[in-house]
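For reference, the structure discussed in these notes is given below.
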Amino acid sequence: MFEDEFEREDEGQPPEIRDREIPGQASETRGRSTSRSPRRNGRRAVQGDVAQRQPRHAVPESAEPARRLLEEILERMGVTQVQIEYVPRSEGEYFEISGPDLAMLIGRHGNTLEALNLIFNNILNAGMRANRKYYTIDAEGYRARRADQLKNLALVTLERCIREKKPQRLEPMLPSERKIVHLALAENQFVRTESEGIEPERRVVVHLK
């Protein structure tokens, strides 16, 4: 287990870090992530929409209370006429929200979505010391695409670490983003990862084993 235990989701996530672009992306990855998608039915069509590229999954019985909690929070926020889908991914369990207009829910650079995720998981685990559960709340595949970008970054950094034979320090990231990088390289036989520094400048470092 890493020193951060894969970086707990309920750590603070300062806006000055959230507003930064993901560092170290290959040019072709950056080009795909920043290109504008065509609009469909008055809103931007989501490239690689989760509902299209992921098969639908039944909500496990263990996740049903969390799904109902999220539904209630969204109703209190005035976010209605949405669908909530359970999507398991390699880095964790997601609740994917889809609907006609979710720009307000995502916010600038995903800040609103990040805050919702923090509040939701804190409420879900309030008073619990064991068997705590964490879910990632996503909207229109925003965080899923960001996770894929970070996985690509982890692989690029792995190659650079092996090629240059020295530790590779990434730019500061949010705890949830560091977790994805840690997991992407967790079982690699050539490198190990750790986090160093103090928030908001905490970063992942990739070392040769």
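The values are calculated or read from the model by the stated rules, or taken from the named source; none is laboratory data. Please read all numbers here as calculations on a predicted model, not as lab measurements. Note that we place each Cβ from the backbone using ideal geometry, even for glycine, and neighbour counts take in every protein chain shown. The area values use the complete protein model at the heavy-atom level, side chains included, leaving out ligands, DNA and RNA. Shrake-Rupley method; radii C 1.70, N 1.55, O 1.52, S 1.80 Å.
On a full-extension model of 0.36 nm per residue, what is the gain between GLU194 and GLN81, subtracting their alpha-carbon distance, rounded to one decimal in nm?
Length gained between GLU194 and GLN81: 36.5 nm.
May I have the convex hull volume per residue, in Å³, for the Cα set of segment 83-123?
Dividing the Cα hull volume of segment 83-123 by its residues yields 86 Å³.
To the nearest 10 square angstrom, how much accessible area does ASP148 have with a 1.4 angstrom probe?
50 Å²
What's the extension gain from ARG108 to GLU61 if we count 0.36 nm per residue and subtract their Cα-Cα distance?
Fully extending the segment from ARG108 to GLU61 adds 13.6 nm.
Using a 1.4 angstrom probe with every protein chain in place, what is the largest-first accessible-area order of LYS151, LYS165?
My answer, sorted largest first, is LYS165, LYS151.
For MET77, what accessible surface area do you get with a 1.4 Å probe? Give it in Å², rounded to 10.
80 Å²
How many Å² of accessible area per residue for segment 119-164, probe 1.4 Å?
Using a 1.4 Å probe on heavy atoms only, each residue of segment 119-164 averages 49 Å².
What are the radius of gyration and Dmax of segment 54-167, computed over its Cα atoms and given in Å?
16.4, 52
Provide the FRET efficiency to the nearest 0.05 for the GLU71-LEU208 pair, computing r from the beta carbons and using R0 = 41 Å.
Calculated transfer efficiency: 0.30.
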